[in-house]
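One structure is given below, encoded as structure tokens.
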Amino acid sequence: MFVFDESLLQSHQFGSECVSFMLGCLEELASSLAGRGITFQWRRGDQVEQVVQAAREWKADVVYWNRDYEPEAIERDRLTQQQLGKLGVAVRTFKDHVVFEASEVRGATGEPLQRYSAYRARWWNRWHAMTPAVQSIPVPLAAKNTAPLPISRPLPSASELGYDPVVPWIEPGERNAMKRLRWFTEGPIHSYAQSRNLPAVDGSAKLSPHFRFGTLSPRMAIHAALNALAKGGRVSRPDVLTWVDELIWREFFQQVLVAFPHVAKGPFKAVIVPSPRPAGSERDRLFRAWCDGKSGYPIVDAGMRQLNQTGWMHNRVRMVVASFLIKDLRIDWQSGERYFMQHLVDADMAANNGNWQWCASTGTDAMQGYRIFNPALQSKKFDPDGAYIRRYVPELVGVPVSKIHEPHLMSLDEQDRYGCHIGADYSTPVVDHQLARQEYLNLGKQETTT
């Protein structure tokens, strides 16, 4: 049974891309269960109330679910178990969303780990010590002594849930997840260390939405990656292990969310960083330009337009646009975090929060608040021929490589020649990066000495 949480739907914490992807996954799940003689049920409303009501109606002996690690979900599950206990209904929960839960990877004295390097070392130690196996799909139990369930009804549409119907850019469902995993481990994973940083290249797995919604097990993905090392042929151990590191990062952020739930509402650590720009029309103007992909910095604009159009953004570009919002525009990281959650198809609280706090230098990163990405240099390094920029910023399609990373530096003659007039066809930069960088550094020094 799946319960559409009414309060969550009304909050629009997630966007149409995320909801549409989820519905596609549920449709495949219902079909898969039907093929095994299992009736898929869904309800809408308060999750605790709906689960308890269903258990009462169906005279359930036990209710099973896989554990969730977000603070509100932990509280929801606690209340559900409490209410079911009053009915005499047992509860059994399982690990599924991660390979190792927070309690399984700890420091030498049992403390939660606050640095990725230490977490990674202990994660691998635990993997080698027990190597969790991939579980097979269970054979359905004989249906005996069970109350008849209602006939399955069609899932609600995105429109019925209050969202715009969209076709997900990344195909939903377990079959598509497995297809993408096979494609990735048979080819791109072996050049991943380099290609993962090139936004114009299809070199990343793009499996994050499937991990988010459980259509792909991280345990299965890690086994598939490590098995690729044993097949011979074109094999690169550093590349494969670099991708596995990304999955360990995912588990690290899950562990941080469990061990330090305050990160969901504020900084992981109290550090002195420049104060964000105060509320007002100037702040709103800059934030709107960032959201709309009209900052005047092509790599930033390409990333934000990719997000707005597809519900996904290349990971390297995510870091660039986050740095630009926080350090160049001096807008609070929580605004960026919320915007990403509302637009990402792989909207996952732990990963999104962890990455935004990393960029803001309020998270687990050991470096203080002075890592400032230069968008033009990042663009030249990782999108050298401007292919990614031209894909999402069509105003610049006629601009040559020598000018595409900083089109505002074109002369008027060049703007005429290439059919792109700054301030008319393409945005004038909303800030000067060098001046904004220096202002951020100066503010940081002032607050440190205050």
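The values are calculated or read from the model by the stated rules, or taken from the named source; none is laboratory data. Since we're looking at a predicted model, the values are computed, not measured. Cβ placement follows ideal geometry from the backbone for every residue including glycine, while neighbour counts extend to all protein chains displayed.
Can you tell me which of I272, I331, I299 is more than 27 Å from L9 (Cβ to Cβ), surrounded by 19 or more Cβ atoms within 10 Å (Cβ to Cβ) and touching a Ser or Thr at 6+ places or on another chain (Cβ under 7 Å)? Before you say what the answer is, go through the steps one by one.
Numbers: I272 fails: surrounded by 19 or more Cβ atoms within 10 Å (Cβ to Cβ); I331 fails: touching a Ser or Thr at 6+ places or on another chain (Cβ under 7 Å).
That would be I299, the only listed residue that is more than 27 Å from L9 (Cβ to Cβ), surrounded by 19 or more Cβ atoms within 10 Å (Cβ to Cβ) and touching a Ser or Thr at 6+ places or on another chain (Cβ under 7 Å).
Here is a check on your reading of the model: is R390 crowded, with 19+ Cβ neighbours inside 10 Å, without any contact (Cβ under 8 Å) to a residue 24 or more places away in the chain, over 24 Å from R285 (Cβ atoms) and out of contact with any Phe, Trp or Tyr (no Cβ under 7 Å at 6 or more places or on another chain)? Considered against the rule, which asks whether it is crowded, with 19+ Cβ neighbours inside 10 Å, without any contact (Cβ under 8 Å) to a residue 24 or more places away in the chain, over 24 Å from R285 (Cβ atoms) and out of contact with any Phe, Trp or Tyr (no Cβ under 7 Å at 6 or more places or on another chain), R390 comes out as yes. Just to be sure before I move on: is Q81 closer than 23 Å to H343 by Cβ and of a type outside the set (K, R) in the structure I sent? Criteria not met by Q81. The helices (runs of 4 or more DSSP H) found wholly in the range 1-117 and carrying at least 3 residues that are at pLDDT 95 or above, out of contact with any Pro (no Cβ under 8 Å at 6 or more places or on another chain) and β-branched (V, I, T) occupy 47-57.
Residues checked against (1) out of contact with any helix residue (DSSP H, G or I) (no Cβ under 6 Å at 6 or more places or on another chain); (2) not small (G, A, S):
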residue	(1), (2)
H97	yes, yes
G110	yes, no
A121	yes, no
W124	yes, yes
I137	yes, yes
P156	yes, yes
H190	no, yes
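Any residue at all in the range 302-310 that is within 22 Å of T215 (Cα to Cα) and of a type in the set (S, T, Y)? Within the range 302-310, one or more residues are within 22 Å of T215 (Cα to Cα) and of a type in the set (S, T, Y). Taken over the range 267-313, the residue count meeting the criterion of being assigned to a loop (DSSP other than H, G, I, E, B) and either touching a residue at least 12 places away in the same chain (Cβ under 8 Å) or under 22 Å from K381 (Cβ atoms) (or both) is 18.
I'd like to check something: does the range 118-134 contain any residue that is aliphatic (A, V, I, L, M), farther than 17 Å from Y64 by Cβ, modelled with pLDDT of 95 or more and assigned to a loop (DSSP other than H, G, I, E, B)?
Step one: list which residues in the range 118-134 are aliphatic (A, V, I, L, M), which gives 118, 121, 129-130, 133-134.
Adding the requirement that they be farther than 17 Å from Y64 by Cβ leaves 118, 121, 129-130, 133-134.
From what's left, modelled with pLDDT of 95 or more: 118, 121, 129.
Still in the list and also assigned to a loop (DSSP other than H, G, I, E, B): none.
Checked the range 118-134: no residue is aliphatic (A, V, I, L, M), farther than 17 Å from Y64 by Cβ, modelled with pLDDT of 95 or more and assigned to a loop (DSSP other than H, G, I, E, B).
When the residues of the range 54-67 are filtered to those that are without any contact (Cβ under 8 Å) to a residue 60 or more places away in the chain and surrounded by 15 or more Cβ atoms within 10 Å (Cβ to Cβ), the one that is nearest to L257 (Cα to Cα) is R67.
Can you go through R120, R115 and tell me which one is surrounded by fewer than 18 Cβ atoms within 10 Å (Cβ to Cβ), of a type in the set (K, R) and outside the structural domain of A347 (by TED's automatic domain parsing)? Before you say what the answer is, go through the steps one by one.
Details: R120 fails: surrounded by fewer than 18 Cβ atoms within 10 Å (Cβ to Cβ).
Matching residue, one of R120, R115: R115.
Could you grab me the full set of residues in the range 409-438 that are surrounded by 15 or more Cβ atoms within 10 Å (Cβ to Cβ), out of contact with any Asp or Glu (no Cβ under 9 Å at 6 or more places or on another chain) and not in a loop (DSSP other than H, G, I, E, B)? Selection gives E414, Y418, I422. Taking S217, is it over 28 Å from D68 (Cα atoms) and not assigned by TED's automatic domain parsing to the domain that holds A350? No. Quick one: in the range 352-372, which of the residues that are surrounded by fewer than 23 Cβ atoms within 10 Å (Cβ to Cβ) and either modelled with pLDDT of 95 or more or of a type in the set (A, V, I, L, M) (or both) is nearest to the chain's Cα centre (by Cα)? Only one residue tops the list, namely N352.
Taking helices (runs of 4 or more DSSP H) as the structural unit, those lying wholly within the range 325-403 and holding at least 3 residues that are of a type in the set (F, W, Y) correspond to 333-343.
Within the range 243-262, is even one residue among the small types (G, A, S) and on the phi > 0 side of the Ramachandran plot?
No, because not a single residue in the range 243-262 is among the small types (G, A, S) and on the phi > 0 side of the Ramachandran plot.
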